[in-house]
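The values are calculated or read from the model by the stated rules, or taken from the named source; none is laboratory data. Everything numeric here is computed off the predicted structure, so don't read it as measured data. When we count neighbours, we look across all protein chains shown, and the Cβ atoms used for this are built from the backbone with ideal geometry, even at glycine. Protein only, heavy atoms only, side chains kept; ligands, DNA and RNA dropped before computing areas. Shrake-Rupley method; radii C 1.70, N 1.55, O 1.52, S 1.80 Å.
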Amino acid sequence: MDGKRRVIAGSMALAILWALGLVWWGRGPAELWPSLAGAYLPGGLVMGLMVGRLAQRRFSDDAIIDGAAFHPGSGAQIDQRVLTNTTEQLVLALAVWPFAGLVLGWGLLPWLGLSFALSRLLFWIGYHASPPLRGLGFAASFYPTMVAGIWALGVTLGESS
């Protein structure tokens with residue numbers, strides 16, 4: 001395994017540990033609606049920053065102000081990739097977090113949301129600065145969603161048998 005793959009594998013391992021700890025610690029009772037609002041607001045605000053940054057880049061660049069494609073490898077193209085991936089992960093969260101909250105406790109959702117927002121910021125910075133940071137940011141936002149969903153499914157299946 002080369003150095004890059006070792007770094008990526010290490011980032012994935014750290015993110016899985018983070019996800020397990022986050023879901024373990026965050027489980028608990030809370031009210032539904034405040035928990036849902038607390039879950040999705042942080043990620044929505046980070047997405048808003050991403051959209052705003054792309055709008056600022058378009059406004060400042062005559063070549064793309066009218067909606068032309070971003071130049072390959074440009075900061076704007078990187079920001080667009082980050083926004084696209086963040087959108088995909090937020091849709092995944094919309095599909096998984098309500099079930100996880102129902103089974104594991106609504107108190108988990110605001111912690112997932114805060115972790116998601118911070119991880120997405122790390123992913124965004126890392127995409128511009130350092131592939132290892134990008135990998136850690138991606139994994140640290142993806143794995144908590146998956147761990148929460150699988151954990152909740154396991155609890156549900158365990159209760160039904």
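Brief remarks follow.
- GNM result for the chain, Cα springs below 10 Å: residue of 14, 122, 90 fluctuating most strongly: 14
- Ordering 70, 138, 59 by accessible surface, largest first, gives 59, 138, 70; the 1.4 Å probe counts only protein heavy atoms, with every chain in place.
- Just checking the listed ones, 105, 43, 21: in the Gaussian network model of the chain with Cα springs under 10 Å, the one fluctuating most is 21.
- DSSP-loop chymotrypsin sites (Phe, Trp or Tyr not before Pro) across region 12-52, with at most 15 other Cβ within 10 angstrom: none
- Rel. contact order, % - alpha carbon contacts under 8 angstrom, at least six apart, region 64-147: 26
- Close amide H contacts of residue 30 (hydrogens built in the peptide plane, cut-off under 5 Å, sequence separation of 5 or more or a different chain): 106, 107.
- A simple charge model with +1 on the Cβ of Lys and Arg, -1 on the Cβ of Asp and Glu and nothing else charged puts the dipole of the chain at about 380 debye relative to its Cα centre.
- Accessible carbon and sulfur surface of region 1-150 relative to its total accessible area, %, 1.4 Å: 71
- Considering only 98, 30, 76, the residue lying farthest towards the positive end of the dipole of the chain is 76, judged by Cα position with unit charges set on Cβ.
- Rounded to the nearest Hz, the phi-derived 3J(HN,Hα) couplings of region 31-36 under the Karplus curve 6.51 cos²θ - 1.76 cosθ + 1.60 (θ = phi - 60°) are 7, 4, 5, x, 5, 5, where x marks glycine and proline.
- As a length-normalised measure over Cα pairs under 8 Å and 6 or more apart, the relative contact order of region 1-100 settles at 23 percent.
- 4 °C / 1.567 mPa s Stokes-Einstein diffusion coefficient of region 57-103, Kirkwood radius on C-alpha pairs, µm²/s: 102
- Taking θ as phi - 60° and the Karplus parameters 6.51, -1.76 and 1.60, the scalar couplings of region 44-56 work out to x, 5, 5, 4, x, 4, 5, 4, x, 5, 5, 4, 5 Hz in sequence order, x denoting glycine and proline.
- Over every Cα atom in the chain, the radius of gyration and the widest Cα-Cα span, Dmax, amount to 17.5, 63 Å.
- Calculated mean residue ellipticity at 222 nm for the chain: -30000 deg cm²/dmol, from DSSP H runs with n ≥ 4 weighted as -39500 (n - 2.57), summed, divided by the residue count and rounded to 500.
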